[in-house]
Each structure stands twice: as C-alpha cells, then as structure tokens.
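This report concerns only the one structure given below.
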Amino acid sequence: MRTFTITDESTQTSRIVCRREILQQALAEALRGYRQAFVFSDETVWQLYGRRVGRALGERAVYCMPAGEAHKTPETLFALLAAMAQAGLHRNDCLVCLGGGVVGDVGGLAAALYMRGIDCIQVPTTLLAQVDSSVGGKTAVDFCSIKNLVGVFHQPKYVYIDPVFLSTLPAREVRCGLGEIVKHGALCPEIFDTLEQNRDRLTDWKFLADIVPMNVAFKADVVRADAKEGGLRKCLNLGHTSAHAFELLDGRLSHGEYVLIGTYLEAAISAARGGDREYLARLQQLCLAALGGTLPALPDAEAAARAACLDKKNTGRGRIVLTVPAARGEYRLLELDTQEYARELARIGREGC
Ligand SMILES: NC(=O)c1ccc[n+]([C@@H]2O[C@H](COP(=O)([O-])OP(=O)(O)OC[C@H]3O[C@@H](n4cnc5c(N)ncnc54)[C@H](O)[C@@H]3O)[C@@H](O)[C@H]2O)c1
Ligand SMILES: [Zn+2]
C-alpha cells in the first residue's frame, strides 16, 4: 500500500491511498465517519461495478450520469445537485465519485458547491483518472463549447486508487492514461527508466497498475509544491499545447494519444533549439512505442499553428508558448511565433524527427 498527503494553502487536505480491495476496506471504513454518503458514477462504470459497491457499502443513494465528455455539462452538474438535495444530503455528509475523469470533475465541482462545500471522496476507475485527474483538486464542467470553463479547486478528502478497475478498461482508455504517464516520464527520471525498461509492456494493465503509485507520487509532489498552478504545476502542460491543437482540429484519437504526439513533436522542436538530442530521441522512441509503433498523420501545419495560438496558456499576440522536454527530467518554456511553429510541424511531418 502507498499513501500520500496533499495540503493546499487553504489547508484543505487530501489523503491518497493506492491499494487493492479499496472498496471493501478503506472506503467502507472512511464512510463510517459520515452520517450519509451519496454515490455519483456513470452508467458504464455503474453497470460494471455497481453490484460490488452495493456489497461493500450497503444501501446508498446513487446518481449515475450518462458516460462521456459530452455530458460534462452544467445540466449534469445541476441534475446531480438536485439528486443530492432530494436525498437530504447535509453539510457534514460526503459525496463519493466512482468513475473516470468526467465523473471526478463534475462530482468534485458538485461537492464544492453543495452547501458551500462538502467532503468528497474520489475513487478513480480509469488510468487517466488514477494517475492524473483525481490528484490535485481541479474540478470543472464544459460550458459554451469550452472545455473546463467553469470550475474551482476543491481538494478531495480522500482519493482511493485500486488497480482492479484497470482490468476492464478498453484499449483506447488505456492509451489515454498512458499519454499522461509518458509525460510524467519526461519530467521524472525514475518513471522514464521504468517505462524504457518495459517498453514491450506499455499497454499491459498489470504493468500499468504497478506504476500507478509512482505516477501518483510524482503528481502529488508537483501539486503539493504548487496547488493553485502558479508556477511549477505548469510543467504538467508538457506536450499539451500541440496536443490540444490537434485534438481541436482532428478529434479522432484519445486525449492521451494527442499528448503522445504532442510530446514527440515538442521533443523534436526542443532538440532543434539546443535540447539534449540523445535523450530527446529516446523520449521520442517511447512516445512511438506507446502509440503502437507509428506516428499518425499530422494535421495541416498552418491550421495546427492557428489552433495552437488559441490555447488558453498563450498571450494572444500570435505567439505560442510550449512546455517542452529539454533533457533528462528537465523541461523549459519556449515561445515561438505562429509561422515558426507551422514551419517546425511541416519539417517534422516531412523528415519524421
Ligand atoms: N481535474 C484534472 O486535473 C483533470 C486532469 C486531466 C483530465 N481531466 C478531465 O478528465 C476527463 C477525461 O477523463 P477519462 O479519460 O477518465 O474519461 P471518462 O471519465 O469519460 O472515462 C472514459 C470512459 O471509460 C469508462 N470507464 C471508466 N472506468 C472504467 C472501467 N474501470 N472499466 C471500463 N470502462 C470504464 C467511462 O464510462 C467512459 O466511457 C476530461 O473531461 C478531462 O478534462 C481532469
Ligand atoms: Zn492531459
């Protein structure tokens, strides 16, 4: 078992526990401290795990949203809040979010808003939610066609991470989490070495389950140092400016696959500007292995540059800010103008590195 604690400036504390059989033991025990607990999930996860939750936690009020990002909306948020009110949930009660990043983000926001904030327990069931979204207290819904436009920071009281959930994940969702894990590898040498040594097992859920705690420890360290994303936490944007641009233009692959492509491209951009070429080539090989061996066709370079300019991290003056890998465990910020970024993408598309 591995446990981690995060306390942010407002002294909200999160206890993160990684272990097997979490429903039966840790979660059931934590809930004994509450008069009432309300479970929030999505229909897919509930179909797979609802019965097991019922056995572990007994009869609980439950609200299930339809699965998927399309439902990460204010409508779902308010439907959940209405269900919590109808169940008579009180200020000292608790909301349990059982699901992927969508359930975690919507449920976290509902917990932050309900009676000005109640306790929330996150039980992440996707690889992405286990290594990334459940740690750090960011919550949100999409609004006006903009992802995560409305949200707050609200640290969960507990995060319970159980590898057993990974056994039912579809391959696409595995790759989605793998993108963030390779990104962590670009920032943390211990993760990088483990991934390189296990390059032929990158999509094996048992291997991934083994490295979840290492990834949680890394993200918890970053969040602990910078809970409100003032500085260091920006390192987690590595590869994401390009990833978001491709996601906007193309949208056929998962977020994690675009992160792998973005990290590959930004490693090449960094290598051309004084980054450690030997290390960056190894990182690119890791991205390719995680993508299944080949780099998918890139979107049109000019259109990608225009889309990258829209990224909320940018200043809006026609310049693109990238958080790129620089050397082993090191990153740096690069600012390119739109034309320069488009030229780089076109070159990498032609030459492949
Ligand atoms: N808060 C943060 O810091 C943060 C960080 C990264 C991403 N996010 C958000 O996370 C969301 C993406 O999360 P996600 O990738 O987990 O997507 P998701 O929650 O939509 O889950 C993906 C799919 O997997 C299914 N699923 C979940 N657990 C399963 C299991 N154990 N077995 C089989 N199927 C399962 C879900 O029903 C869904 O269909 C995005 O909305 C993104 O904005 C938030
Ligand atoms: Zn991401």
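The values are calculated or read from the model by the stated rules, or taken from the named source; none is laboratory data. The shown structure was predicted, so the numbers you read here are calculated from the model rather than taken from an experiment. In this analysis, Cβ positions are derived from the backbone assuming ideal geometry, glycine residues included, and neighbour counts consider all displayed protein chains. Only protein heavy atoms, including side chains, enter the accessible area calculation; ligands, DNA and RNA are left aside. Shrake-Rupley method; radii C 1.70, N 1.55, O 1.52, S 1.80 Å.
Give segment 223-247 a look and list any residue that's under 26 Å from C309 (Cα atoms), in contact (Cβ under 8 Å) with a residue 24 or more places away in the chain and in contact with a Lys or Arg (Cβ under 7 Å, 6 or more places away or on another chain), or say none.
Those that are under 26 Å from C309 (Cα atoms), in contact (Cβ under 8 Å) with a residue 24 or more places away in the chain and in contact with a Lys or Arg (Cβ under 7 Å, 6 or more places away or on another chain): N237, L238, G239, T241.
What tally of residues in segment 248-267 results from selecting those that are farther than 12 Å from G179 by Cβ and either touching a helix residue (DSSP H, G or I) at 6+ places or on another chain (Cβ under 6 Å) or in a helix (DSSP H, G or I) (or both)?
Our first condition is that a residue be farther than 12 Å from G179 by Cβ; within segment 248-267, this holds for 248-252, 265-267.
Going one step further and asking which of them are either touching a helix residue (DSSP H, G or I) at 6+ places or on another chain (Cβ under 6 Å) or in a helix (DSSP H, G or I) (or both), we end up with 248-249, 265-267.
Number of matching residues: 5.
Out of the strands (runs of 3 or more DSSP E) lying entirely within segment 102-184, which hold 2 or more residues that are more than 15 Å from ligand 2 (Cβ to nearest atom) and buried (at least 24 other Cβ atoms within 10 Å of the Cβ)? First the steps, then the outcome.
Details: elements: 119-124, 141-143, 146-150, 158-161.
Strands (runs of 3 or more DSSP E) meeting the threshold: 119-124, 158-161.
Which of the residues that make up segment 208-220 are without any contact (Cβ under 8 Å) to a residue 60 or more places away in the chain and away from ligand 1 (no atom under 15 Å from the Cβ)? Step through it out loud before you land on a result.
Keep residues of segment 208-220 that are without any contact (Cβ under 8 Å) to a residue 60 or more places away in the chain, which gives 209-211, 214, 218.
Answer for segment 208-220, where residues must be without any contact (Cβ under 8 Å) to a residue 60 or more places away in the chain and away from ligand 1 (no atom under 15 Å from the Cβ): D210, I211, M214.
Could you figure out which of (1) touching a Ser or Thr at 6+ places or on another chain (Cβ under 9 Å); (2) within 16 Å of ligand 1 (Cβ to nearest atom); (3) open to solvent by 20 Å² or more (accessible area, probe 1.4 Å); (4) not acidic (D, E) isn't true of T73?
With respect to (1) touching a Ser or Thr at 6+ places or on another chain (Cβ under 9 Å); (2) within 16 Å of ligand 1 (Cβ to nearest atom); (3) open to solvent by 20 Å² or more (accessible area, probe 1.4 Å); (4) not acidic (D, E), T73 is out only on (1).
Could you check segment 268-353 for helices (runs of 4 or more DSSP H) lying wholly inside it with 3 or more residues that are buried (at least 16 other Cβ atoms within 10 Å of the Cβ) and at pLDDT 95 or above? Let's see the steps before the verdict.
Numbers: elements: 277-290, 301-309, 338-351.
Because the criterion is at least 3 residues that are buried (at least 16 other Cβ atoms within 10 Å of the Cβ) and at pLDDT 95 or above, the helices (runs of 4 or more DSSP H) in segment 268-353 that meet it are 277-290.
Could you list, in sequence order, the residues of segment 47-78 that are within 21 Å of the chain's Cα centre (by Cα) and in a helix (DSSP H, G or I)?
Result: E69, A70, H71, P74, T76, L77.
Starting from segment 55-67, keep only residues that are touching a residue at least 40 places away in the same chain (Cβ under 8 Å), then list their pairs with residues that are outside any strand (DSSP E or B) and among the β-branched types (V, I, T) whose Cβ atoms are within a distance under 9 Å, requiring at least 6 positions of separation or different chains.
Between residues of segment 55-67 that are touching a residue at least 40 places away in the same chain (Cβ under 8 Å) and residues that are outside any strand (DSSP E or B) and among the β-branched types (V, I, T), the close pairs are M65/T76; M65/V102; M65/V103; M65/V106.
For segment 15-51, what are the residues that are modelled with pLDDT under 90 and in contact with a helix residue (DSSP H, G or I) (Cβ under 6 Å, 6 or more places away or on another chain)?
L23, Q24, A28
Hey, can you tell me all the residues within segment 79-94 that are out of contact with any helix residue (DSSP H, G or I) (no Cβ under 9 Å at 6 or more places or on another chain), outside any loop (DSSP other than H, G, I, E, B) and either surrounded by 13 or more Cβ atoms within 10 Å (Cβ to Cβ) or basic (K, R) (or both)? Outline the logic, then answer.
From segment 79-94, those out of contact with any helix residue (DSSP H, G or I) (no Cβ under 9 Å at 6 or more places or on another chain) are 79, 82-83, 86-88, 92; that's our starting set.
Cutting the leftovers down to outside any loop (DSSP other than H, G, I, E, B) gives us 79, 82-83, 86.
A79, A83, listed by residue number.
If I filter segment 220-266 down to residues being of a type in the set (K, R) and within 16 Å of ligand 2 (Cβ to nearest atom), which single residue comes out as most open to solvent (accessible area, probe 1.4 Å)?
Of all residues in segment 220-266, those of a type in the set (K, R) come to 224, 228, 233-234, 252.
Still in the list and also within 16 Å of ligand 2 (Cβ to nearest atom): 233-234.
Details: R233: 6, K234: 90 Å².
In this case the residue turns out to be K234.
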